[in-house]
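Down below is the structure, laid out as structure tokens.
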Amino acid sequence: MAGPLALVLGVFLVAPVVMICVVSFWGATEWSIYPAFQFDNYAFLLGSEVTYRVFFNTLKYAAITWVFTLLIGFTVAYFLAFHVRSLTWQIALFLLCTIPFWTSNIIRMISWIPFLGRNGLANSTLISWGVIDEPLDWLLFSDFSVILAFVHLYTLFMVVPVFNTMMRIDRSLIEAATDAGASGWQTLWHVIIPLTRPGIMIGTIFVVALVMGDFITVRFMSGSQSANVGRMIQNDIALLQYPSASATAVILLITVLMLIGILLRLVDIRREL
């Protein structure tokens, strides 16, 4: 029974990854690509200071986005799971959270540009309130706008697993903590958060993997003034440098798998679920 699924995974997941790994060892000139087995692409990438700066920038985006998506996602999930008593209202409010995700990621991302622009709604409002005297340039085409777009795009990927895990928590455990004299914060820290760790880890894996592989958000929201690994790969593909792009993709894949491996060492998701 597992045969058809294994075949689908083999054809559409394993085979492309293997092909990318193979091409990463090929050679390329300005006008051709030739099959070979050489480490020139990896030597160039690992020997370039630009590569390390771009990877650091990518990890920075992932870390900051993770912090904000966790804070927002945990708060929303906690409110839906423990403060909304009616199942009907829980479903309704959860679906309300998903409404923005019914549209394209690019549309939702680009919608921030007129809001954050120099003459946009944010600057106009702040000036009219007397908070600032002149428009803020760092609101758009900066790291701030990139991270804001990432948080907007990927918060739901944190809300869903955390909310699902919270709904599985036995309410009698919370009542027992209250009867034992635990305050609300103590119950949250010692009971709810430990029991929610699997959901947090699943959401973390989603958010980190999506942010590290994203390239279009960084391109639009930074005004092409910043870069991440996805942008490096896109630029190589645009220049038809497929071996270099493949080598970068392999290094990115290894980095993401290492991060996921560390996360899975912290929490045994299968056992706790």
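In the condition set (1) buried (at least 17 other Cβ atoms within 10 Å of the Cβ); (2) within 18 Å of the chain's Cα centre (by Cα), K60 is compliant with all but (1). Filtered by the rule that a residue be within 20 Å of K60 (Cα to Cα) and surrounded by fewer than 19 Cβ atoms within 10 Å (Cβ to Cβ), segment 227-249 gives a lone residue, Q234. Starting from residues that are outside any helix (DSSP H, G or I) and polar (S, T, N, Q), keep the ones in segment 219-270 and report whichever is nearest to F44 (Cα to Cα). Among those residues, the one meeting the criterion is Q241. Quick check: anything in segment 93-105 out of contact with any helix residue (DSSP H, G or I) (no Cβ under 9 Å at 6 or more places or on another chain), β-branched (V, I, T), at pLDDT 85 or above and on the phi < 0 side of the Ramachandran plot? Scanning segment 93-105, I find no residue that is out of contact with any helix residue (DSSP H, G or I) (no Cβ under 9 Å at 6 or more places or on another chain), β-branched (V, I, T), at pLDDT 85 or above and on the phi < 0 side of the Ramachandran plot, so the answer is no. Do you know which residues across segment 119-150 are surrounded by 13 or more Cβ atoms within 10 Å (Cβ to Cβ) and under 17 Å from S224 (Cα atoms)? If the condition is that a residue be surrounded by 13 or more Cβ atoms within 10 Å (Cβ to Cβ) and under 17 Å from S224 (Cα atoms), then L139, L140, F141, S142, D143, F144, S145, V146, I147, L148, A149, F150 are the ones that fit.
Taken as a whole, segment 53-67 holds at least one residue that is within 30 Å of D170 (Cα to Cα), modelled with pLDDT of 90 or more and either touching a Cys at 6+ places or on another chain (Cβ under 7 Å) or not acidic (D, E) (or both). Of the helices (runs of 4 or more DSSP H) lying entirely inside segment 123-208, those containing at least 2 residues that are among the hydroxyl-bearing types (S, T, Y) are 143-154, 171-179.
Would you call M109 hydrophobic (A, V, I, L, M, F, W, C), closer than 22 Å to L195 by Cβ, out of contact with any strand residue (DSSP E or B) (no Cβ under 9 Å at 6 or more places or on another chain) and in a helix (DSSP H, G or I)? Judged against the criteria, M109 is not a match.
The values are calculated or read from the model by the stated rules, or taken from the named source; none is laboratory data. Note that the structure is predicted; figures quoted are calculated from it, not measured. Reconstructed Cβ throughout: ideal geometry from the backbone, glycine too, with neighbour counts over all protein chains shown.
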